[in-house]
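The structure under discussion appears below in the form of structure tokens.
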């Protein structure tokens with residue numbers, strides 16, 4: 001009995017030590033021989049200094065670690081699993097071929113765009129995304145074309161996968177493609193919410209979205225000091241991620257990030273709305289043209 | 001409870017503690033000596049549910065002629081569809097007769113189709129002291 005207690009106490013002590021060391025950032029890298037006081041580059045005033053290592057860390061590393069309620073987390077997991085099962089059961093992949101996933105992205109930010117791509121094209125603050133995917137009978141991805149379009153319908157970025165190669169129109173890079181399954185596309189974001197609920201409290205609400213019965217999962221982050229985003233003029237003190245799932249078909253329909261600014265006002269910095277069109281007998285001519293382009297490379 | 005079970009519980013606890021505390025942040029560092037001065041080139045990421053931060057840090061153990069980076073790119077990549085929903089490119093930056101140059105860049109965490117995501121922090125650092133030059137390409141990439 002005594003021996004068991006000793007082993008348990010030893011195990012607990014080692015575990016606590018490992019947690020402490022890993023949180024202090026002491027794994028994985030050598031520290032400099034002496035402490036160096038960093039200087040802030042003009043325009044990047046948002047750094048903080050880690051009190052232990054005297055190393056600068058970006059402000060969002062200082063997210064206050066909120067307690068995760070185990071019972072609540074269990075409720076989130078169970079509900080997400082139900083939605084996931086519903087999505088997979090009600091939208092099965094009946095036959096091999098092309099399936100279309102679409103989204104519309106709106107960013108309410110102060111910057112004129114979401115960045116400049118490698119070829120000089122802007123990522124606009126409002127755009128649509130079509131992801132055309134060709135799956136085999138086992139639900140494995142064979143080909144894929146993603147078209148990100150301005151609201152005027154101009155393609156500003158395309159991603160194409162064919163013959164195990166992935167190509168991006170803005171970088172010209174050709175990479176080896178990764179394995180993607182039909183179910184990943186249908187319920188991958190359910191798993192993402194599940195992952196978030198492991199590290200940050202997620203609350204569940206009931207919602208109505210355009211007359212649809214929906215379940216809303218909300219996570220909140222509070223920053224220990226205001227966070228300066230590159231795309232916003234004002235600093236952010238808190239943020240909220242809102243995931244809305246359709247209760248009828250189990251699919252994610254909307255994702256939003258709402259930021260609370262230093263003056264207390266709130267701003268929906270990101271809104272993404274999803275739609276799933278299911279099986280499409282033939283890809284569009286535009287998609288076929290992009291596939292031809294990559295197959296010749 | 002026997003000893004074997006206790007050890008299994010302990011092993012799981014250790015694994016969980018490491019996964020939960022290191023999965024969302026990390027960095028990489030290279031080291032060299034430029035005309036007698038030890039220098040470090042570091043890039044790192046901190047990723048939370050709604051935002052992500054990237055930083056670049058060039059540092060030296062004592063002031064050197066030029067310290068900084070020649071280019072720096074922070075981007076989010078969606079492996080399932082090969083797209084970049086976030087792409088921030090920064091020009092070079094340098095401090096002179098100094099021991100450190102640091103930059104941080106904070107972004108909205110965009111969702112990727114199918115949920116798989118990669119954050120890339122890329123670029124070449126710049127160290128010059130007297131006639132010695134070191135310009136390492138230091139990339140830090142995190143999948144989640």
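The values are calculated or read from the model by the stated rules, or taken from the named source; none is laboratory data. Just so it is clear, the model here is predicted, and its values are computed rather than measured. No Cβ is skipped: glycine too gets one built from the backbone with ideal geometry, and neighbour counts run over all protein chains shown.
A few remarks follow.
- Extreme residue, surrounded by the most Cβ atoms within 10 Å (Cβ to Cβ), among residues of segment A:265-284 that are away from every other protein chain (no Cβ under 14 Å) and in contact (Cβ under 8 Å) with a residue 60 or more places away in the chain: A:283
- Unmet requirement for residue A:208, which otherwise passes all of (1) part of a strand (DSSP E or B); (2) touching a residue at least 24 places away in the same chain (Cβ under 8 Å); (3) more than 20 Å from residue B:109 (Cα to Cα): (2)
- Segment B:112-136 - residue that is free of Cβ contacts under 8 Å to residues at least 40 places away in the same chain and surrounded by fewer than 23 Cβ atoms within 10 Å (Cβ to Cβ) and, of those, nearest to residue A:273 (Cα to Cα): B:112
- Segment A:233-264, residues that are surrounded by fewer than 20 Cβ atoms within 10 Å (Cβ to Cβ) and not in a strand (DSSP E or B): A:233, A:234, A:235, A:247, A:248, A:249, A:262, A:263, A:264
- For segment A:215-228, filtering for residues that are at pLDDT 90 or above and either surrounded by 20 or more Cβ atoms within 10 Å (Cβ to Cβ) or touching a helix residue (DSSP H, G or I) at 6+ places or on another chain (Cβ under 6 Å) (or both) leaves 2.
- Of the strands (runs of 3 or more DSSP E) lying entirely inside segment B:75-144, those containing at least 2 residues that are more than 24 Å from residue A:239 (Cβ to Cβ) and more than 8 Å from chain A (Cβ to nearest Cβ) are B:93-108, B:118-129, B:132-134.
- Test: residue in segment A:214-231 that is under 18 Å from the mean Cα position of the chain (by Cα) and more than 18 Å from residue A:266 (Cα to Cα): yes
- Conditions (1) at the interface with chain A (Cβ under 9 Å from one of its Cβ atoms); (2) modelled with pLDDT of 60 or more; (3) within 29 Å of residue A:239 (Cβ to Cβ): number failed by residue B:17: (2)
- Condition broken by residue A:211, with the remaining ones in (1) in contact with a strand residue (DSSP E or B) (Cβ under 9 Å, 6 or more places away or on another chain); (2) more than 10 Å from chain B (Cβ to nearest Cβ) satisfied: (1)
- Of all the residues in segment A:164-177, those that are surrounded by fewer than 16 Cβ atoms within 10 Å (Cβ to Cβ) and facing another protein chain (nearest Cβ under 9 Å) number 2.
- The numbered conditions (1) facing another protein chain (nearest Cβ under 9 Å); (2) modelled with pLDDT of 95 or more; (3) touching a strand residue (DSSP E or B) at 6+ places or on another chain (Cβ under 7 Å) are all true for residue A:155 except (1).
- When residue B:88 is tested against (1) under 30 Å from residue A:182 (Cα atoms); (2) without any contact (Cβ under 8 Å) to a residue 60 or more places away in the chain, only condition (1) is not met.
- Whether a residue is crowded, with 21+ Cβ neighbours inside 10 Å and in a loop (DSSP other than H, G, I, E, B) was assessed, and residue B:44 does not pass this test.
- Any hit, segment A:179-200, residues being more than 10 Å from every other protein chain (Cβ to nearest Cβ), in a strand (DSSP E or B) and farther than 30 Å from residue A:263 by Cβ: no
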